[in-house]
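Scroll down for the structure; my scribbles are underneath it.
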């Protein structure tokens, strides 16, 4: 209840004061002691971020260029050139790019269907809620679900067998590259739906009508208006989906095990002490991962800034 | 009544098929433990497992602690930066996005190096220290969502005007945050909290590499040595995730409508 009274006060106060733009007059009520308060307010956050986010990362970057006796070396970076590491990066990049592109494509289709396809309003709410759940339903339980469904003894596999089709004999395998892709799409598509929905909402009905008045077919509308407007957003979400898949480990690890040679699993095995007994190489692997996801996210940030123009 | 276009129905239908089949199949699979028919034996087996209870409890406790720590550091920082130090805002936003750029496995690798037994802060040398480390790791995972929830909350209540009104009535900064700002952005904070909970509860990588008895590593272990229990656990995990996200929906629906301001 107190919520309502305070917000009532805000409503009542609002008209008498000029709407405060954050940057314009931030220090109107400054009292001398507040400078200390500012510091105290931000300090815990900054110290925490330094201790558990920034310093550990810097530590790794330094470790990637340090040899076992503590001197500077480029050997760890050179060691990334071994077959096993190169293959892991190749597989990781393919997995991340394929699931990002397919996830973005199907996610966009679903979004267009529920927002612009004239479906009953309730379906949209259900889809968005489900997307929130499914995008967080990654990891070990998701792998269990796909094994129980498409594994050798999975329900779908058994049903196909009942009607005389042996999925596994015809080349299907949930533990293969495409099986992992199908599993990743279970969280990539919903993530896409969540991120792209505001942008699809921003495509105005009038543009559609204007295009139709000028004689455009729906295909021409999407080719010349819809997709170009969504394009920066699409590129941005692609890089986000890419980073999401690239850093993920639990789903693939409990689906296939350490036999799947992708970068996060390689690093995981290395830290568990199974494979490469070389901490320097581990640090170099970690650094390379950050560089890859970092590039993807820089693209996202640049592109997002461009995208905001159209979607006011 | 909107009837919808055929193509939209087809796409929606295909989506339903892809997303529902694994859920239904997993549920059916989890009922097949007994040879002579369907039963909830797999669930009984899971619930009767002492490690299920202890690991789930452990993860719930760590999750709640992470939420508390996260709220305690994010709210004052977001508030102060929004009102007093706008020049810091970009930096703060960038920092809170970092956990999306730096994969969890990389972070935990850094922790193991930085907080090992021979370091200045040897957190990993004791179980309690490692618990603290895992809690902080989860706070980091939650940072992007927590910060965005709180910042959106602050934007929607016009924190400037509220703070000025409170200051003119003689309230100090701490009192403003706890008696005026927090109650007003409560729904946003709780939404962030449930999202954090959903992310953290089954987390595998960090808990496993820090060797903590959490729910995620327990799930993974069960997957390697049981047949039907994993599918039961998948169903239970899905229900937990659904519960957390459902709470957010529910809270947002009953949220007090305040002076929304779009800037």
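The values are calculated or read from the model by the stated rules, or taken from the named source; none is laboratory data. Keep in mind that what you see is a predicted model, and the values were worked out from it rather than measured. When we count neighbours, we look across all protein chains shown, and the Cβ atoms used for this are built from the backbone with ideal geometry, even at glycine.
Please pick out the residue among B:202, B:216 that is surrounded by 16 or more Cβ atoms within 10 Å (Cβ to Cβ), assigned to a loop (DSSP other than H, G, I, E, B) and either touching a residue at least 40 places away in the same chain (Cβ under 8 Å) or more than 7 Å from chain A (Cβ to nearest Cβ) (or both). Walk me through how you get there before you give the answer.
Details: B:216 fails: assigned to a loop (DSSP other than H, G, I, E, B).
Among B:202, B:216, only B:202 is surrounded by 16 or more Cβ atoms within 10 Å (Cβ to Cβ), assigned to a loop (DSSP other than H, G, I, E, B) and either touching a residue at least 40 places away in the same chain (Cβ under 8 Å) or more than 7 Å from chain A (Cβ to nearest Cβ) (or both).
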In a helix (DSSP H, G or I), crowded, with 17+ Cβ neighbours inside 10 Å and either more than 11 Å from chain A (Cβ to nearest Cβ) or free of Cβ contacts under 8 Å to residues at least 40 places away in the same chain (or both): which single residue out of B:55, B:96, B:91, B:135 fits that description? B:55
If residue B:157 meets every condition in (1) modelled with pLDDT under 90; (2) closer than 29 Å to residue A:299 by Cα; (3) surrounded by 22 or more Cβ atoms within 10 Å (Cβ to Cβ) apart from one, which number is that one? (2)
Residue B:223 passes all but one of (1) in a loop (DSSP other than H, G, I, E, B); (2) facing chain A (nearest Cβ under 7 Å); which number fails? (1)
So which residues in the stretch B:164-174 are surrounded by fewer than 22 Cβ atoms within 10 Å (Cβ to Cβ) and touching a helix residue (DSSP H, G or I) at 6+ places or on another chain (Cβ under 9 Å), if there are any at all? B:164, B:165, B:166, B:167, B:171, B:172, B:174
For the stretch A:175-198, does any single residue satisfy the condition of being out of contact with any helix residue (DSSP H, G or I) (no Cβ under 6 Å at 6 or more places or on another chain) and over 28 Å from residue A:135 (Cβ atoms)? no
Quickly run through the stretch B:1-40 and pick out the residues that are more than 25 Å from residue A:183 (Cα to Cα) and within 30 Å of the chain's Cα centre (by Cα). B:40
Check every one of the helices (runs of 4 or more DSSP H) wholly within the stretch A:118-227 and list those with 1 or more residues that are under 29 Å from residue B:237 (Cα atoms), within 13 Å of another protein chain (Cβ to nearest Cβ) and under 21 Å from the mean Cα position of the chain (by Cα). A:121-136, A:140-150, A:177-202
Looking at residue A:248 and the list (1) surrounded by fewer than 19 Cβ atoms within 10 Å (Cβ to Cβ); (2) modelled with pLDDT of 85 or more; (3) within 12 Å of another protein chain (Cβ to nearest Cβ), which single condition is not satisfied? (1)
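For (1) more than 9 Å from chain A (Cβ to nearest Cβ); (2) free of Cβ contacts under 8 Å to residues at least 60 places away in the same chain; (3) on the phi < 0 side of the Ramachandran plot, each residue gets a yes or a no:
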{"residue": "B:3", "(1), (2), (3)": "no, yes, yes"}
{"residue": "B:8", "(1), (2), (3)": "no, yes, yes"}
{"residue": "B:11", "(1), (2), (3)": "no, yes, yes"}
{"residue": "B:19", "(1), (2), (3)": "no, yes, yes"}
{"residue": "B:22", "(1), (2), (3)": "no, yes, yes"}
{"residue": "B:34", "(1), (2), (3)": "yes, yes, yes"}
{"residue": "B:37", "(1), (2), (3)": "yes, yes, no"}
{"residue": "B:41", "(1), (2), (3)": "yes, no, yes"}
Sole miss for residue A:233 among (1) buried (at least 23 other Cβ atoms within 10 Å of the Cβ); (2) modelled with pLDDT of 85 or more is condition (2)
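With at the interface with chain A (Cβ under 9 Å from one of its Cβ atoms), closer than 22 Å to residue B:92 by Cβ, surrounded by fewer than 23 Cβ atoms within 10 Å (Cβ to Cβ) and out of contact with any strand residue (DSSP E or B) (no Cβ under 6 Å at 6 or more places or on another chain) as the only criterion, which of B:236, B:177 stands out? Show your work before the answer.
Numbers: B:236 fails: closer than 22 Å to residue B:92 by Cβ.
The unique qualifying residue is B:177.
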Determine if the stretch B:115-126 includes at least one residue that is crowded, with 16+ Cβ neighbours inside 10 Å, without any contact (Cβ under 8 Å) to a residue 40 or more places away in the chain and either assigned to a helix (DSSP H, G or I) or within 9 Å of another protein chain (Cβ to nearest Cβ) (or both). yes
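Could you identify the single residue in B:190, B:240 that is within 17 Å of the chain's Cα centre (by Cα), within 17 Å of residue A:142 (Cα to Cα) and part of a helix (DSSP H, G or I)? Talk me through it step by step, then tell me what you get.
Working: B:190 fails: within 17 Å of residue A:142 (Cα to Cα).
The unique qualifying residue is B:240.
Does residue A:256 count as under 14 Å from residue A:88 (Cβ atoms), at pLDDT below 75 and either over 23 Å from the mean Cα position of the chain (by Cα) or away from chain B (no Cβ under 11 Å) (or both)?
Values: under 14 Å from residue A:88 (Cβ atoms): yes; at pLDDT below 75: no; either over 23 Å from the mean Cα position of the chain (by Cα) or away from chain B (no Cβ under 11 Å) (or both): yes.
It is false that residue A:256 is under 14 Å from residue A:88 (Cβ atoms), at pLDDT below 75 and either over 23 Å from the mean Cα position of the chain (by Cα) or away from chain B (no Cβ under 11 Å) (or both).
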Per the filter on the stretch B:67-88, residues over 21 Å from the mean Cα position of the chain (by Cα) and facing another protein chain (nearest Cβ under 8 Å) are B:79, B:80, B:81, B:82, B:83, B:84, B:85, B:86, B:88
Could we say that residue B:102 is under 17 Å from the mean Cα position of the chain (by Cα), facing chain A (nearest Cβ under 10 Å), closer than 22 Å to residue A:140 by Cβ and surrounded by 21 or more Cβ atoms within 10 Å (Cβ to Cβ) here? no
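Tell me the residue from A:193, A:156, A:180, A:229 that is within 20 Å of residue B:231 (Cα to Cα) and in contact (Cβ under 8 Å) with a residue 40 or more places away in the chain, please.
Numbers: A:193 fails: within 20 Å of residue B:231 (Cα to Cα); A:156 fails: in contact (Cβ under 8 Å) with a residue 40 or more places away in the chain; A:229 fails: within 20 Å of residue B:231 (Cα to Cα).
One residue alone meets the criteria, A:180.
Inside the stretch B:158-174, can you point out the residues that are more than 7 Å from chain A (Cβ to nearest Cβ) and in a helix (DSSP H, G or I)? Give the steps one after another, and end with the answer.
Applying the first criterion (more than 7 Å from chain A (Cβ to nearest Cβ)) to the stretch B:158-174 yields B:159, B:163, B:166, B:168-172, B:174.
Hits for the stretch B:158-174 are B:159, B:163, B:166, B:168, B:174.
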